[in-house]
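Everything below concerns the one structure shown next.
The values are calculated or read from the model by the stated rules, or taken from the named source; none is laboratory data. All values derive from a computational prediction rather than experimental measurement. Methodologically, a virtual Cβ is constructed for each residue, glycine included, from the backbone with ideal geometry; neighbour enumeration extends over all protein chains shown.
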Ligand code: DON
């Protein structure tokens, strides 16, 4: 009974239990903390914790809730990664439920589609060929079955309620819809071919106002089926039939066998260290762990805390140089290591980092060989959440359908929006992906392969206890955002609020430009220019959710850049 009334209790609990804080996007509590990019999802997760569920139970409830409240970022048509620290076992687990290229996929498939008349990057970014076999349902339920204590019906229940009875959309939802309307208006044919997003979410251009209700009855029915029958309800039977029929109607290649064969993979997490902290990181097919470890290893060789105190430009310069090395190696070496080897150990070694740090000069030392500008697509895909429970168990998980509303293609009768994760492969010989990222042959498309990701769920341990969980959204800016929030907390000794709010720099080696997420102070901009950096005028950001244990208290932050709120008790 208690669990069935979870939503109502949740709201009252928020009022009564969690101490108010000066920022709405910060929460402080004693027992459990959930930080997501959606207030509804955070409250649902917190109520699971408060009612006796563990961090994995809360993660399952949160993930299905996000599928309803952040349908442009994540959902059952997407994929992701999760790290779990089990405090009882003192052991970390990594789950990979990244989407998979269908069996009929080939390295040349997107070049061929272009030769057949689909222009630019469209084949890998919009429509049926862009869709890889989704992994969220398999991944979530695999983790729930292994580590959870509640039934899936109890945990999917709140999401069903949100989809069936509706919830009030927030400003972030409205902002993303506005961006995608512009895309439809530039490509009016898609209003007919990609109807579900156009009609249900964008309301044919008459976009909802913040605070208006959104009801998703088709999605509610899909969630009900999964709650009743588990992952088979998604990967087999009428839902699988409908996915395949959508593919066939729109020229896609996903088959019944591709869906039936999908498996989440339990992998060994990556372990690294940084100034007395143990880092638990996501291995390939995410590049997040390797890139973060490499950048932090480089920065461990400089007095970044002293730089920050003396001269913030110098500190930012060091961060930029470390990112350039990490992203250059990402482009050169990384891909799905089930399909080829990558020198992971070397990239993460302290001696390699020392040699790179030794090259770091007072001015920008490495020109990328072609200086150019890339206009990134509007991207609001991806949703990261961080959870700590009263037993010290921790989850850091990032899910995505890639760019806003994914491929824009949906399985209408199930309200299922399909990802465009195929664009995370190196799809074309002559152009980077939606985030301006270039790749080696290691990330070429191949049947059954998982595209390289920047998603960076991260758990930080100190003295044998999990003290921090963080991660973010924003494509490659996930890596730079997570790096800077972590440095802000560990080296710059900022409050959680300041560490998350801080203006962030991003550099991904190519294009050779520094990106800011908001207008930088002129002194910082000028100082970086003097050190030889090219500054982009594009303002692009990552969105970070953090939970942290310090002294006997838990604190959580949901990045104000997306309008989420954490919830604790
Ligand atoms: O896996 C990746 O790296 C991308 N598909 C993530 C996309 C993303 O974060 C979109 N964000 N706003």
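Summary of values
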{"read-out": "Hits in the stretch 450-464 (condition: away from the ligand (no atom under 11 Å from the Cβ) and surrounded by 23 or more Cβ atoms within 10 Å (Cβ to Cβ))", "value": "457, 458, 459, 460"}
{"read-out": "Qualifying residue in the stretch 114-123 (condition: away from the ligand (no atom under 15 Å from the Cβ) and within 22 Å of residue 336 (Cα to Cα))", "value": "yes"}
{"read-out": "Scope the stretch 401-440; condition in a helix (DSSP H, G or I) and over 20 Å from residue 104 (Cβ atoms); matching residues", "value": "412, 413, 414"}
{"read-out": "Qualifying residue in the stretch 134-141 (condition: surrounded by fewer than 20 Cβ atoms within 10 Å (Cβ to Cβ) and modelled with pLDDT of 95 or more)", "value": "no"}
{"read-out": "Tabulated pairs, the stretch 425-454, first within 23 Å of residue 380 (Cβ to Cβ) and free of Cβ contacts under 8 Å to residues at least 24 places away in the same chain, second within 15 Å of the ligand (Cβ to nearest atom) and part of a loop (DSSP other than H, G, I, E, B), C-beta under 9 angstrom, 6+ apart or interchain", "value": "none"}
{"read-out": "Filter result (away from the ligand (no atom under 16 Å from the Cβ) and surrounded by 24 or more Cβ atoms within 10 Å (Cβ to Cβ)) within the stretch 274-292", "value": "280"}
{"read-out": "Any hit, the stretch 422-429, residues being surrounded by fewer than 23 Cβ atoms within 10 Å (Cβ to Cβ) and at pLDDT below 95", "value": "yes"}
{"read-out": "Filtered residues of the stretch 315-338 (kept if crowded, with 18+ Cβ neighbours inside 10 Å and more than 20 Å from residue 437 (Cα to Cα))", "value": "315, 316, 317, 318"}
{"read-out": "Enumeration of residues in the stretch 412-421 that are farther than 15 Å from residue 80 by Cα and either surrounded by fewer than 22 Cβ atoms within 10 Å (Cβ to Cβ) or within 12 Å of the ligand (Cβ to nearest atom) (or both)", "value": "412, 413"}
{"read-out": "Residue in the stretch 387-394 that is in contact (Cβ under 8 Å) with a residue 60 or more places away in the chain and within 13 Å of the ligand (Cβ to nearest atom) present", "value": "no"}
{"read-out": "Filter result for residue 406 (within 12 Å of the ligand (Cβ to nearest atom), surrounded by 24 or more Cβ atoms within 10 Å (Cβ to Cβ) and either over 17 Å from the mean Cα position of the chain (by Cα) or on the phi > 0 side of the Ramachandran plot (or both))", "value": "yes"}
{"read-out": "Criterion violated by residue 400 - all others in (1) more than 16 Å from the ligand (Cβ to nearest atom); (2) closer than 30 Å to residue 511 by Cβ; (3) under 18 Å from the mean Cα position of the chain (by Cα) satisfied", "value": "(1)"}
{"read-out": "Sole exception among (1) within 16 Å of the ligand (Cβ to nearest atom); (2) farther than 30 Å from residue 210 by Cβ for residue 102, by number", "value": "(1)"}
{"read-out": "The stretch 491-532, residues that are within 17 Å of residue 318 (Cβ to Cβ), in contact with a strand residue (DSSP E or B) (Cβ under 8 Å, 6 or more places away or on another chain) and surrounded by fewer than 15 Cβ atoms within 10 Å (Cβ to Cβ)", "value": "529"}
